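Worksheet: one structure, shown below.
The values are calculated or read from the model by the stated rules, or taken from the named source; none is laboratory data. Quick caveat: nothing in here was measured; it's all calculated off a predicted structure. No Cβ is skipped: glycine too gets one built from the backbone with ideal geometry, and neighbour counts run over all protein chains shown.
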Amino acid sequence: MESLQKLEEIVEASDGIMVARGDLGVEIPLEQIPTVQEVIINVCRQLNKPVIVASQLLESMVEYPTPTRAEVADVSEAVRQYADALMLSGESAIGPYAQKAVSVLRMASSRMELWSREENRQSDLYQRQLGVSLSDRIAEQICNSAVKMANNLSVDAIFVYTKHGQMASLLSRIRPYPPIFAFTNDDSTRMALNLQWGVIPLLVDLSDDMEANISKTIDLIKTKGMVKQGDSVLVVSDLTPAHVTSTAFQSIQVKTIA
């Protein structure tokens, strides 16, 4: 198929990619679908574009309250390949077991993500350099270092403060072990980050005072029950204070929640 020969060009020109296996199976032999799916997901991760796997994930649940074992394996494989999102269609649109289908999808996904962390699989992921400008290359290296620190120190969460979502997206691309809480004061950025792997975006009124931002957001996440006293968080920021006219302040800190 011609589009697969120009896959990188298509991904680079797109905001995101959906792997619709039903349509894909019309264009290529059925036995090629699993490998082509993995190739597409990997290219999207390398180019830092969100990728959604869709079509017939839990198709039997359109009629039945439990999935087949093969369907659970299919869901797990998409998660193992590090897809950013999985999308149900008929299972939740017309099936009588929509809520249960979502529950099964979450259960299977969570179990595979846990296994990946236990097996330390993320540490083997190759990252190609994307940045062209010096500032973009610096941001990439900071995120690479931040994820390595987060994994090695076994922190409980990563906090990233971002205006346009760049550093949150770069962190997600590396697939760190802990969840990424992305704080932004831009609602369009928050919505865009919802598709990124491992990112929990939150709209927060941020100030030029970084310590105040950290204190405010720690209180917010504690209130939501997502972190607790004694947990450690790694903090990354690309915010530019209003009084600074040069590039953004990019930093890494490790905090223990009091």
### Query
Which condition number does Asn48 fail, the rest of (1) in contact (Cβ under 8 Å) with a residue 12 or more places away in the chain; (2) part of a helix (DSSP H, G or I); (3) within 30 Å of Cys143 (Cα to Cα) being met?
(2)
### Message
Conditions first: (1) closer than 30 Å to Pro96 by Cα; (2) under 24 Å from the mean Cα position of the chain (by Cα); (3) surrounded by 15 or more Cβ atoms within 10 Å (Cβ to Cβ). Gln46 passes all but one, so which condition is the exception?
### Response
(1)
## Note on the structure
Reported set for the stretch 74-110 where residues are among the hydrophobic types (A, V, I, L, M, F, W, C), buried (at least 17 other Cβ atoms within 10 Å of the Cβ) and more than 10 Å from Leu58 (Cβ to Cβ) is Ala78, Val79, Ala83, Ala85
### Query
Tally time: how many residues in the stretch 126-173 are within 16 Å of Ile200 (Cβ to Cβ) and over 18 Å from the mean Cα position of the chain (by Cα)?
0
### Query
Which condition does Leu220 not pass, out of (1) surrounded by 14 or more Cβ atoms within 10 Å (Cβ to Cβ); (2) closer than 19 Å to Ser116 by Cβ, if it passes all the others?
(2)
### Task
Mind listing whichever residues of the stretch 161-200 are more than 17 Å from Leu234 (Cβ to Cβ) and part of a strand (DSSP E or B)?
Thr184
### Message
Among (1) hydrophobic (A, V, I, L, M, F, W, C); (2) at pLDDT 95 or above; (3) more than 18 Å from Arg80 (Cβ to Cβ), there is one condition Ile28 misses while meeting the rest; what is its number?
### Response
(2)
### Query
assigned by TED's automatic domain parsing to the domain that holds Val39 and either in contact with a strand residue (DSSP E or B) (Cβ under 7 Å, 6 or more places away or on another chain) or among the polar types (S, T, N, Q) (or both) - does that describe any residue in the stretch 64-74?
yes
### Query
Is it the case that Asn152 is free of Cβ contacts under 8 Å to residues at least 24 places away in the same chain, within 30 Å of Lys228 (Cβ to Cβ) and polar (S, T, N, Q)?
yes
### Task
Just name the residue that is modelled with the lowest pLDDT out of those in the stretch 125-160 that are of a type in the set (A, V, I, L, M, F, W, C) and assigned to a loop (DSSP other than H, G, I, E, B).
Leu125
### Query
Restricting attention to the stretch 205-217, does a residue exist that is buried (at least 22 other Cβ atoms within 10 Å of the Cβ) and in the same structural domain as Asn151 (by TED's automatic domain parsing)?
no
